[in-house]
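Report on the following structure.
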Amino acid sequence: MSKAKLKKALAALDKEEIITMVTELYDARKEAKEYLEYWIDPDAGKELERVEKLVDRQFFTPQGVSRRTLSLPTINKLIKDFMSICFEPERVADLLIYTAERMADWLEVRYRRVAYRTSLRKYLNEATLYVESHELEPLYGIRIERLQSRVEALENYQEEHAPRRWGWRRR
């Protein structure tokens, strides 16, 4: 359905029917509920804290124990949903950098798992490009530089401590 059709259908409804439809939508869809709650009280800082807590729970349990595996689609959805609601570039950049930092923390605890190294690079590159495109280097440049050095340290550790397999030579 196009926006024009939606506007036409909404124009045909009276106020009570629109209220009923919006409350039904609020009950039916979690995403609609989150959007409407943010629309009623648009506090970007509070929303950022909520999403950061959800992102953190993808890496660590509430007790602080690292999870065995990650749900990258869930993390990506959390970021995408926040970007669709919040239009403040500083908050979005903060979330992108926070996600990469938490993934680096997780990799350090989970014995530097090689399988997620490319994902960490992807999150770091996405955060760097976003910060550069919105000219936020003065605010986030130091955090990104620290994160880049952590990522390089993780990669160097993995190369130095790669397990030797029978019959294979390290180069």
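The values are calculated or read from the model by the stated rules, or taken from the named source; none is laboratory data. Since this is a predicted model, take the numbers as computed values, not measurements. Here the Cβ positions follow ideal geometry from the backbone for every residue, glycine too, while neighbour counts run over all protein chains shown. With ligands, DNA and RNA removed, areas are computed over all heavy atoms of the protein, side chains included. Shrake-Rupley method; radii C 1.70, N 1.55, O 1.52, S 1.80 Å.
Couple of notes before you dig in:
- Potential extension, F60-K5 segment - 0.36 nm per residue separation minus Cα distance: 15.3 nm
- Value at 222 nm in deg cm²/dmol, rounded to 500, when DSSP H runs of n ≥ 4 in the chain each add -39,500 (n - 2.57): -24500 deg cm²/dmol
- The chain: relative contact order as a whole-number percent, Cα under 8 Å and 6+ apart: 16 percent
- Axis angle, to the nearest 10 degrees, between helix 30-40 and the longest C-alpha principal axis of the chain: 70 degrees.
- The candidates L136, L129, arranged from most to least accessible area with a 1.4 Å probe in the full protein assembly, appear as L129, L136.
- Solvent-accessible area per residue in the stretch 1-96 equals 71 Å², computed with a 1.4 angstrom probe and all protein chains kept.
- Identified option (computed Cα Rg over 2.2 N^0.38 Å; candidates (1) 1.36; (2) 1.17; (3) 0.97): (1)
- For the set K53/K80; K80/K122; K3/K46; K7/K77; K30/K122; K8/K80, the pairs lying more than 21 angstrom apart at their alpha carbons are K3/K46; K7/K77; K30/K122; K8/K80.
- Label point at N125 placed 7 Å out along Cα→Cβ; residues across the stretch 56-83 whose backbone nitrogen lies under 17 Å: 76
- Protein accessible area in the stretch 95-143, 1.4 Å probe - carbon and sulfur %: 54 percent
- 0 to 90° range, to nearest 10: angle between helix 137-160 axis and the chain longest Cα axis: 40 degrees
- Taking 18 Å as the cut-off, the amide N atoms of the stretch 62-98 that come nearer than this to a point 7 Å along the Cα-to-beta-carbon line of H134 belong to 76-98.
- Ordering 71-79, 4-12, 26-34 by mean Cβ neighbour count within 10 Å, with the highest value first, yields 71-79, 26-34, 4-12.
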